Amino acid sequence: MAQQIKYPFSHLADVNMPYRDEIAAALLRVLDSGRYIGGPELTEFENTLAAAMHAPHAIGVTNGLDALRLIFRAYLELGRLHPGDEVIVPANTYVASILAVTDNGLTPVFVEPDAVTLNLDTARIEAAVTPRTRAILPVHLYGRACWDKTIADVARQHNLIVVEDNAQAIGAEADCDGLFTSRNTGALGHAGAFSFYPTKNIGALGDGGAVVTHDAELAAAIRAIRNYGSDRQYHNIYKGLNCRLDPMKAAVLTIKLKHLHEENQLRRERAAIYNTEIVNPAVTKPQWLPDNRHVWHQYIVRVDNRDTFRKYLLDNGVETAVHYATPPHRQPCYSEYAGLHLPATDEIARTVVSLPITRTTSLDDARAIAAIINAAPRG
Ligand SMILES: *Cc1c(COP(=O)(O)O)cnc(C)c1O
């Protein structure tokens, strides 16, 4: 018998409800403006994002994967990366991080995650550096900054380009300095990719993305490549793409960006309840640091018997998700990496469960979910 879902994982309409009137007004404004590509709505969004990330350049693009692809493509066009160059990547990530690397003819070198943070284990980076290593791609997975002094030191010492996948962590901060002037994830290294996929902490009405960078030359190349490769109208300096962010989406994102802190705070409140109230010893909770610069894109617990645990929760009305059951090196499209020995990554993929963390889940719901988890039968 199908169980009624009392605690859904999320409803996106709830997430946008507080901004409903503002969003409706912005959409009408764009409709009436007649300006449906580029223009002031896009510029305002880019300026708002750059200011929020404490970086000089932001470029709105079609989605998060394209943001990453455009960064690597621009480095290739500028001659600062070359086909076949090695990019150090986390083995525990969403497949899009790796797709951007291989799409540009670059070679991913998979590094295992830290068992506590689940992010790239920065202590293992040095050993993965070879004479062909040119870049490193930290992914701030689940909303936690993947950054420390080790990663900054290795990048400087080996002269590596640092491209961040910040799809899941907009608003998160590192607890030590980045390579430039910002501690915001996505602005710690040379260039960062942002996703505004509807479920992300700041979500568009559809796909959306952005690149943030400290590098003016890179920014100019990406601006051109996203627009057919043209630096001015009908003048193409690259064999470019069409990867622009629509003003309709940009106008909505500007509204939501102004509430970035509140949106992340909302997730932190739910995470704090799970952190204090889940006491079932069979459930491993995420690392909790008192400064809490984590933005909790997902609240990930780990359990040994995931199927049983999820079924128990669903039988008790709690919908969960899994991010992700199959790591990139185990995807059919990456059969060339299937033989890699990445036991920490495999173990994470086997045991992770994502609990409801969005506005859809009230604080009382979060307490009820914690109580249900604590009452789970052993075994
Ligand atoms: C969502 C996501 C992407 C891709 O972003 P899209 O906007 O969906 O293309 C890339 N990397 C990570 C880690 C993501 O979570």
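The values are calculated or read from the model by the stated rules, or taken from the named source; none is laboratory data. Just so it is clear, the structure is predicted and the values come from calculations on it, not from any experiment. Note that we place each Cβ from the backbone using ideal geometry, even for glycine, and neighbour counts take in every protein chain shown.
Take the residues of the range 53-63 that are in contact with a Lys or Arg (Cβ under 8 Å, 6 or more places away or on another chain) and within 16 Å of the ligand (Cβ to nearest atom): which is nearest to R223 (Cα to Cα)?
Filtering first and then ranking leaves I59.
Which condition does L76 not pass, out of (1) within 25 Å of R293 (Cβ to Cβ); (2) part of a helix (DSSP H, G or I); (3) not acidic (D, E), if it passes all the others?
(1)
Name the pairs: first residue in the range 93-107 and more than 10 Å from R73 (Cα to Cα), second residue within 6 Å of the ligand (Cβ to nearest atom) and at pLDDT 95 or above, Cβ to Cβ under 6 Å, at least 6 apart or on different chains?
T93/V139; A96/L65; S97/V139; S97/D165
Determine, yes or no, whether K249 is assigned to a helix (DSSP H, G or I) and within 16 Å of the ligand (Cβ to nearest atom).
So K249 fits the description; yes.
Among (1) in contact (Cβ under 8 Å) with a residue 60 or more places away in the chain; (2) crowded, with 20+ Cβ neighbours inside 10 Å, where does A224 come up short?
So A224 meets the others, but not (1).
Residue by residue, here is whether (1) over 30 Å from A51 (Cβ atoms); (2) buried (at least 19 other Cβ atoms within 10 Å of the Cβ) holds:
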residue	(1), (2)
I98	yes, yes
F110	yes, yes
P113	yes, yes
Y142	no, yes
A145	no, yes
T150	no, no
A169	no, yes
A174	no, yes
L179	no, no
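Looking at this structure, is P247 at pLDDT 95 or above and closer than 19 Å to D207 by Cα?
yes
Being in a loop (DSSP other than H, G, I, E, B), within 16 Å of the ligand (Cβ to nearest atom) and of a type in the set (F, W, Y) narrows it down to one of Y324, Y334, so name that one.
Just one listed residue meets the conditions, Y324.
G186 - would you say it is on the phi > 0 side of the Ramachandran plot, surrounded by 24 or more Cβ atoms within 10 Å (Cβ to Cβ) and in contact with a strand residue (DSSP E or B) (Cβ under 6 Å, 6 or more places away or on another chain)?
So G186 fits the description; yes.
Give the residues of the range 41-52 that are without any contact (Cβ under 8 Å) to a residue 60 or more places away in the chain and not hydrophobic (A, V, I, L, M, F, W, C), sorted by residue number.
Selection gives T43, N47.
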